[in-house]
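The values are calculated or read from the model by the stated rules, or taken from the named source; none is laboratory data. Every value quoted in this text rests on a predicted model; they were computed, and no experiment measured them. Here the Cβ positions follow ideal geometry from the backbone for every residue, glycine too, while neighbour counts run over all protein chains shown.
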Amino acid sequence: MAEPPVQVPAVLALAGVRKAFNLGQPNEVEVLHGIDLTLRRGEFCALVGPSGSGKSTLLNLIGLLDRPTAGRLLIEGEDTAELDDATLTRLRGRSIGFVFQHHHLIGAFSAAENVMMPLLLDRGWPDAAMRGVAEALLGRVGLAPWRDNPVGRLSGGQQQRVAIARALAMDPALVLADEPTGNLDTASADAAFDLMREFNRMRGTTFLIVTHDPRLARRCDRIVEVVDGRIVADAAVPAPVPQAAG
């Protein structure tokens, strides 16, 4: 008798998640209408949809920057509704990494110091181990020679590589990337995307990438489409068909 397939653990699970603003006011409006979504370890997923569809609101909820009005949101099996703000902040810092379109790096700090920031926030003081983590990650993203340079002097593509390294400093289970290639030229965008894909495959890190670029979305394993606060499509991306020789 064949053994049942091994179930990959869920890194993220949303069930019936709703979000409304201005609760109880005449201008109350519900932006998300019962979102159900599960991401498992090692998934590489694109989140797409038109402007105003609710993608940013959904990303804020998943990133634990806001709380849902209703429904359940679990990170690595932890029901976030049961957590106070301090515990929620610790969970966010240890389980979720962020990559933004605008890097939100500290320009006067070196590349290594920027990568160390999540570790410093978690542990409270710098040490040699933190520096080692930062230097190793900068080496993996091809920036070892620039580790002591202020990030304000780096190119846009280099800054985004620093941001990717910073997002991975705590070895999070989930990385949320919000238009991470939106300000980059095509070559730099492809390089940033390839870096995220490399870490996804190497570490098994789950990625959820918000993008308006259909070319990049098609290079993910799965595309989730949001329209008017609802998931209207959720499908695996077909594997490319090998070209015949000759």
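Farther than 23 Å from S51 by Cβ and in a strand (DSSP E or B) - does that describe any residue in region 212-230? Scanning region 212-230 turns up no residue that is farther than 23 Å from S51 by Cβ and in a strand (DSSP E or B).
Scanning region 41-94 for residues that are of a type in the set (V, I, T) and farther than 30 Å from A239 by Cα gives T57, T69, T80, T87, T89. Checked against the criterion of being hydroxyl-bearing (S, T, Y), surrounded by 19 or more Cβ atoms within 10 Å (Cβ to Cβ) and either within 14 Å of G97 (Cα to Cα) or in contact with a Phe, Trp or Tyr (Cβ under 8 Å, 6 or more places away or on another chain) (or both), region 207-215 contains not a single residue that satisfies it. Looking at R94, R90, R72, just one residue is at pLDDT 90 or above, basic (K, R) and over 24 Å from L119 (Cβ atoms), and that residue is R72. When L74, L61 are checked against the criterion of being under 16 Å from the mean Cα position of the chain (by Cα) and surrounded by fewer than 21 Cβ atoms within 10 Å (Cβ to Cβ), a single residue qualifies: L74. Screening region 192-211 for residues that are of a type in the set (V, I, T) and assigned to a loop (DSSP other than H, G, I, E, B) and picking the one that is nearest to A20 (Cα to Cα) gives T211.
Every residue in region 16-30 that is buried (at least 16 other Cβ atoms within 10 Å of the Cβ) and closer than 29 Å to N200 by Cβ, please. Listed by number, the residues that qualify are V17, K19. Could you list, in sequence order, the residues of region 176-186 that are in contact (Cβ under 8 Å) with a residue 24 or more places away in the chain and surrounded by fewer than 23 Cβ atoms within 10 Å (Cβ to Cβ)? D178, E179, G182, N183, L184, D185, listed by residue number.
Checked against the criterion of being at pLDDT 95 or above, in contact with a helix residue (DSSP H, G or I) (Cβ under 7 Å, 6 or more places away or on another chain) and either β-branched (V, I, T) or more than 30 Å from A13 (Cβ to Cβ) (or both), region 179-199 has no qualifying residue. Counting only residues that are surrounded by fewer than 23 Cβ atoms within 10 Å (Cβ to Cβ) and outside any loop (DSSP other than H, G, I, E, B), region 135-157 holds 12 of them. Just give me the residues in region 158-191 being under 12 Å from the mean Cα position of the chain (by Cα), β-branched (V, I, T) and part of a helix (DSSP H, G or I), in sequence order. The answer is I164, and nothing else.
Conditions (1) free of Cβ contacts under 8 Å to residues at least 12 places away in the same chain; (2) out of contact with any strand residue (DSSP E or B) (no Cβ under 9 Å at 6 or more places or on another chain); (3) part of a loop (DSSP other than H, G, I, E, B), marked per residue:
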| site | (1), (2), (3) |
| --- | --- |
| N60 | yes, no, no |
| R72 | no, no, no |
| R94 | no, yes, no |
| F98 | no, no, no |
| H104 | no, no, yes |
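Screening S53 with (1) at positive phi; (2) modelled with pLDDT under 95 gives one miss only, at (1).
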